[in-house]
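Student: Below is one structure. I have some questions about it.
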Amino acid sequence: MHPNPAFRAEERARHIEFARDRGFGVLVLSTDGAPLLSHVPILLSDDGRVAELHLVRSNPIVRALEKPKAAKIAVQGPDGYISPDWYEVEDQVPTWNYVAVHLTGKLELRPQEELLDLLNRQSAFYEERLQPKPPWATGKMSDEALTKMMRMIVPCRMQVEDVQGTWKLSQNKPDDVRLRASEQIASGIGSELNVLQELMRNA
């Protein structure tokens, strides 16, 4: 996370809303060797205190969770390269604007009997946003296929103890300088540049 206070002034509620709406992140667990990482869909509670997810049973993180362990989920938003030329002022340097939220807490395995409820709630959360498409639900699967799939995955829960966010949108520049850069970003390098452009305009 960027240490500049100018990029970390957003309230906790906005971080939670962003991470919940995004619904996908990188789960990181420390080990004696290199950290273990897994890209996972997450279901974050409204108050941001609980993050639920599932992992493939063969995932090394599952094997590491004999007891609850400290973990982090990094939720990445739009990002883009900023050329110094776009500022139209002297003595600037290249940088990268981005939005990211980190959830830190204790990760634990949950009883297998909780898995179906988790899958149903996760799919309902995503499917609702695809309306007017009729929602998919696990009930559309045969009992045999559903049982086979559920044997391969395990439910997990993180008790979130800390929420940190960075909204690096050139807020450390004068408004006119930031807005000039925002006009160029959409044709630049990065991901979801139109979203990043709008965030920069309103920073």
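The values are calculated or read from the model by the stated rules, or taken from the named source; none is laboratory data. Keep in mind it's a predicted model, so treat the numbers as computed, not measured. Here the Cβ positions follow ideal geometry from the backbone for every residue, glycine too, while neighbour counts run over all protein chains shown. Ligands, DNA and RNA are excluded from the accessible area calculation, which covers all protein heavy atoms including side chains. Shrake-Rupley method; radii C 1.70, N 1.55, O 1.52, S 1.80 Å.
Student: Which pairs turn up if I take residues in segment 185-203 that are surrounded by 15 or more Cβ atoms within 10 Å (Cβ to Cβ) and look for partners that are among the basic types (Lys, Arg) with beta carbon separation below 8 Å, at least 6 apart in sequence or on another chain?
Tutor: Met200/Arg178; Ala203/Arg178
Student: I'm trying to understand the selection: among the residues of segment 117-139, which are surrounded by 10 or more Cβ atoms within 10 Å (Cβ to Cβ), in a helix (DSSP H, G or I) and over 23 Å from the mean Cα position of the chain (by Cα)?
Tutor: Hit for segment 117-139 is Thr138, nothing else.
Student: Looking at segment 45-58, which of the residues that are in a strand (DSSP E or B) and out of contact with any Gly (no Cβ under 8 Å at 6 or more places or on another chain) is farthest from Gly23 (Cα to Cα)?
Tutor: This residue is Val56.
Student: Another question, then. I need the full set of residues from segment 62-88 which are among the basic types (Lys, Arg) and either in contact (Cβ under 8 Å) with a residue 60 or more places away in the chain or exposed (fewer than 13 other Cβ atoms within 10 Å of the Cβ) (or both), in order please.
Tutor: Answer for segment 62-88, where residues must be among the basic types (Lys, Arg) and either in contact (Cβ under 8 Å) with a residue 60 or more places away in the chain or exposed (fewer than 13 other Cβ atoms within 10 Å of the Cβ) (or both): Arg63, Lys67.
Student: Being under 22 Å from Arg20 (Cα atoms), modelled with pLDDT of 95 or more and either aromatic (Phe, Trp, Tyr) or out of contact with any strand residue (DSSP E or B) (no Cβ under 6 Å at 6 or more places or on another chain) (or both) is true for just one of Ala145, Ala124. Which residue is that?
Tutor: It is Ala124.
Student: Can you confirm whether Ala19 is crowded, with 20+ Cβ neighbours inside 10 Å and either within 10 Å of the chain's Cα centre (by Cα) or farther than 15 Å from Arg110 by Cβ (or both)?
Tutor: Against the criterion (crowded, with 20+ Cβ neighbours inside 10 Å and either within 10 Å of the chain's Cα centre (by Cα) or farther than 15 Å from Arg110 by Cβ (or both)), Ala19 qualifies.
Student: Need pairs with beta-carbon distance below 9 Å; first residue at pLDDT 95 or above and within segment 89-107, second of a type in the set (Asp, Glu) and buried (at least 16 other Cβ atoms within 10 Å of the Cβ); sequence gap 6+ or separate chains.
Tutor: As it stands, the answer is Trp96/Asp79; Asn97/Asp79; Tyr98/Asp79; Val99/Asp79; Ala100/Asp79, since those pairs meet every condition given.
Student: Here are some conditions: (1) of a type outside the set (Ser, Thr, Tyr); (2) out of contact with any Lys or Arg (no Cβ under 8 Å at 6 or more places or on another chain); (3) open to solvent by less than 40 Å² (accessible area, probe 1.4 Å). His54 meets all but one. Which one does it not meet?
Tutor: (3)
Student: State which residue pairs qualify: first residue touching a residue at least 60 places away in the same chain (Cβ under 8 Å) and inside segment 114-130, second residue of a type outside the set (D, E, K, R) and in a helix (DSSP H, G or I) in any location, beta carbons under 6 Å apart, and separation of 6 or more residues or different chains.
Tutor: Pairs found: Leu115/Met150; Leu119/Thr138.
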